[in-house]
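Trainee: My questions will all concern the structure given below.
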Amino acid sequence: MRLMTNSVAQHYGNDGIVSRIISALSEAGFDIDNLKPDVFAGADEFHIGGRKGSEFVAKALDMKSGQQLLDIGSGIGGPARFIANTLGVIVEGIDLTPEFVEAAVEITEMVGMTEQVSFQIGSAISIPFDDDTFDASTMLHVGMNIPNKGLLFSEMARVTKPDGSIVVYDVMRTGEDDLVFPMPWSSTSEYSFVDTLDAYVKAAENAGLELLTVDDHAEMALSFFSNPPSDPPPVNLGHLMGTGMPEMVANAGNAIKSGTISPVLLRFTN
């Protein structure tokens, strides 16, 4: 298990994330001393659909202003900041990758959101919080790195209060073709654990969760990969992951177009 944990952190971890992003924003003419959270969206929402995916999750969460949300696998904090701003909630993010957590903290400080959003290093299969801590929990594109979906869902259920909302937005297997690596979540097949909708639902139900809704966002994903924006954002996922990102995106796009994978949103209650 430790080898898998280290491999995940090594895949995502790289130095200089914030400096690359800030340099790009500076070159684009932004005032570095007066940045808003949305200017980071091209680089800090590392999931299919980018901001659209974060909007799906925010809409699915059944939360009231001031409640507490856990964001599992929070990356450099884009969804956490967006959801905090959109719903008026307090968000705690955990991620295995130290460089991601450091960048998340630094960017959150830059945009003045430290009272709403915080981050720490933590594992989705050993969540560093007590039982019934959060009003809701979410994860965006995390399960593909975790072989034991049962433990993942039991941990989410444990830290979420009774009747709390749990929203999962993950890449799931929808076809039989082999995946071509590297992918955004793994450089090799050895540490890729993409699974089916049925596997997710079974693991969640075994953890005591009740499935409320299923939304397969295949059409959105196809558009996302087929129609890049005519006016590209000032920062992108290359600033987050480095020079290997274009190949990863191309492989993921091909798998979407072939129907092999799709981003699916699941909404549960605890």
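Read-outs: derived from the displayed coordinates by stated rules, not from any lab. Please read all numbers here as calculations on a predicted model, not as lab measurements. Don't worry about glycine lacking a Cβ; one is built from the backbone with ideal geometry, like all the others, and counts go over all protein chains shown.
Trainee: Determine whether D198 is among the acidic types (D, E) and either surrounded by 21 or more Cβ atoms within 10 Å (Cβ to Cβ) or not in a strand (DSSP E or B) (or both).
Mentor: For D198, the condition - among the acidic types (D, E) and either surrounded by 21 or more Cβ atoms within 10 Å (Cβ to Cβ) or not in a strand (DSSP E or B) (or both) - is met.
Trainee: Out of the helices (runs of 4 or more DSSP H) lying entirely within the stretch 208-270, which hold 3 or more residues that are of a type outside the set (S, T, Y) and out of contact with any helix residue (DSSP H, G or I) (no Cβ under 9 Å at 6 or more places or on another chain)? Working first, answer last.
Mentor: Numbers: elements: 218-226, 237-241, 245-257.
Passing ranges, in order: 245-257.
Trainee: Output the residues belonging to the stretch 119-154 that are closer than 21 Å to A43 by Cα and buried (at least 18 other Cβ atoms within 10 Å of the Cβ).
Mentor: F119, T138, M139, L140, H141, V142, G143, M144, N145
Trainee: Select from the stretch 136-177 the residues that are over 12 Å from I125 (Cβ atoms) and either without any contact (Cβ under 8 Å) to a residue 12 or more places away in the chain or of a type in the set (K, R) (or both) and list them in ascending order.
Mentor: Listed by number, the residues that qualify are K161, R173.
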